[in-house]
Amino acid sequence: MLKKERQAYIIQQINIHNKVLSSDLCVQLDVSEDTVRRDLQELAEEGKLIKVHGGALAKSFHFTIESQQVYSLPEKKIIAHKAIDLIKDGMLVVISGGTTMRELVNMLPPGLTATFVTTNVPIALELLEHPNAEVIFLGNKLLKSAQMAVGAEAVQRLGQLKADLCLLGTNSIDLQMGITDLEWEIIEVKKAMIACAQKTVSLAISEKLNSSQRLQVCPLEQVDVLITELDPSSEKLQPYAKRGITIL
């Protein structure tokens, strides 16, 4: 594979999943770790990604990113708009991070009087701008790559909640593996979010459907609602509907 082809693949994967690991790219591209490292360095120097230890992050993952630089922004706005209807006055909602969640928070009706619990720093800061939302930030140790609190304290405090709704930003979702992600510390927090909520809602652009990462967040049976930008009648969504998931 030519360098341009490799780098195009890396950009595609990072746009869809927000983060890539060097070790995974070595396998997927069938190249050495040094080759991947050089590709990531070049792309970082061109301003196309943020290089971190062990891999790279999408630029849209950074809190200061301008909205026009967010990948698939129109699709994410559609998803956020659909999710708004699930949030009712008086609810206790646990919410994860990501650019789709930021769009959702920005769309919350000013008169909504719900309580939001998050371990994600950018989402907490966005929620502080809402006039009537109560914001609870959990955690102690901050994971820089994800801009979120992780660790035993965050997981323990989530376990003490009885939330109405879990709004889960989704890295990958697949019929066999369910929801999957890359980092164990993030997965532990997401597992606790799912466990404390009566209903779990997966938010994912359709490019994330039928893809999987190395670590499971939860089996498909723990997902109550799946929201994409597609029409619920889309053929791509029907296998998920047949598994008992409500499609919005």
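Note down the net charge around Arg38, summing +1 for each Lys or Arg and -1 for each Asp or Glu among other residues with Cβ under 15 Å from its Cβ.
-1
Tell me whether region 33-168 comes out rounded, prolate or oblate; compute the Cα gyration tensor, take square roots of the eigenvalues as a ≥ b ≥ c, and use a/c under 1.5 as the rounded threshold.
Verdict is oblate for region 33-168.
Pairs of Cα atoms under 8 Å, at least six residues apart: use those to get the relative contact order of the chain, whole percent.
14
Residue by residue through region 140-147, which ³J(HN,Hα) values in whole Hz follow from phi under the Karplus form 6.51 cos²θ - 1.76 cosθ + 1.60 (θ = phi - 60°), with glycine and proline marked x?
Along region 140-147, the couplings run 9, 6, 9, 8, 4, 5, 10, 6 Hz.
Using a/c under 1.5 as the rounded threshold, could you call the chain rounded, prolate or oblate? The axes a ≥ b ≥ c are square roots of the C-alpha gyration tensor eigenvalues, and prolate needs a/b larger than b/c, oblate otherwise.
Verdict is prolate for the chain.
In whole Hz, what ³J(HN,Hα) sequence does region 96-110 give by Karplus (6.51, -1.76, 1.60; θ = phi - 60°), x for Gly and Pro?
Here the 3J(HN,Hα) series is 8, x, x, 5, 5, 5, 5, 5, 4, 4, 5, 8, 4, x, x Hz.
Tell me which residues come under 5 Å, amide H to amide H, from Leu112 once H is placed; ignore anything under 5 positions away on its chain.
none
Given points 7 Å out from each Cα along the Cα-Cβ axis, report the Arg243 to Gln198 separation in nanometres with one decimal.
2.5
Non-local amide H neighbours of Met148 (under 5 Å, H modeled in plane, Pro and chain starts lacking H): which ones?
Close amide H contacts, sequence-distant or interchain: Val121, Leu143.
Where the accessible area of the chain is counted over protein heavy atoms with a 1.4 Å probe, how much of it, in %, is carbon and sulfur?
Percent of accessible area from carbon and sulfur atoms in the chain: 50.
Give me the lysines in straight-line cross-link reach of Lys141: C-alpha distance below 21 Å, same-chain residues under 8 apart excluded.
In chain and number order, the partners are Lys19, Lys190, Lys191.
For a Förster distance of 25 Å, can you work out the FRET efficiency between the beta-carbons of Ala8 and Ser233, rounded to the nearest 0.05?
0.20
Residues of region 1-131: accessible area per residue at 1.4 Å, in Å²?
On a per-residue basis, 49 Å².
Read phi for every residue in region 79-94 and hand back ³J(HN,Hα) as whole Hz from Karplus 6.51 cos²θ - 1.76 cosθ + 1.60, θ = phi - 60°, with x for Gly and Pro.
Once rounded to whole Hz, the list reads 4, 4, 4, 5, 5, 3, 5, 7, 8, 10, 4, x, 6, 9, 10, 9.
Too long at a 29 Å Cα-Cα cut-off: which of Lys48/Lys76; Lys48/Lys162; Lys77/Lys144; Lys59/Lys199?
The answer is Lys48/Lys162; Lys59/Lys199.
So who's got an amide H within less than 5 Å of the one on Val52, skipping anything under 5 residues away but keeping other chains? H placed 1.01 Å off N, in plane.
Leu57
Please work out the average accessible area per residue across region 173-248, using the 1.4 Å probe convention, and give it in Å².
That works out to 43 Å² for each residue.
Out of all DSSP beta bridges in the chain, what portion is antiparallel? Express it as a percent rounded to 5.
So the antiparallel bridges in the chain amount to around 40 percent.
What does the charge count near Leu57 come to, summing +1 for each Lys or Arg and -1 for each Asp or Glu among other residues with Cβ under 9 Å from its Cβ?
+3
I need two numbers for region 1-56: Rg to one decimal and Dmax as a whole number, Cα atoms only, in Å.
Using the Cα atoms of region 1-56, the pair Rg, Dmax is 9.7, 25 Å.
Quick check: from the Cα gyration tensor, does region 167-248 come out rounded (a/c under 1.5), prolate or oblate?
Prolate, since a/c reaches 1.5 and a/b exceeds b/c.
If you take every residue apart from Lys88 with its C-beta less than 13 Å away from the C-beta of Lys88, what net charge results, scoring Lys and Arg +1 and Asp and Glu -1?
Once positives and negatives cancel, what remains is -2.
For region 140-165 and region 1-20, what is the centre-to-centre distance using only Cα atoms, to the nearest Å?
That distance is 30 Å.
The values are calculated or read from the model by the stated rules, or taken from the named source; none is laboratory data. These numbers come from a predicted model, not from an experiment. With ideal geometry, Cβ positions are generated from the backbone for all residues, glycine too; neighbour counts draw on all protein chains shown. What goes into the accessible areas is simple: the full protein's heavy atoms, side chains included, and nothing from ligands, DNA or RNA. Shrake-Rupley method; radii C 1.70, N 1.55, O 1.52, S 1.80 Å.
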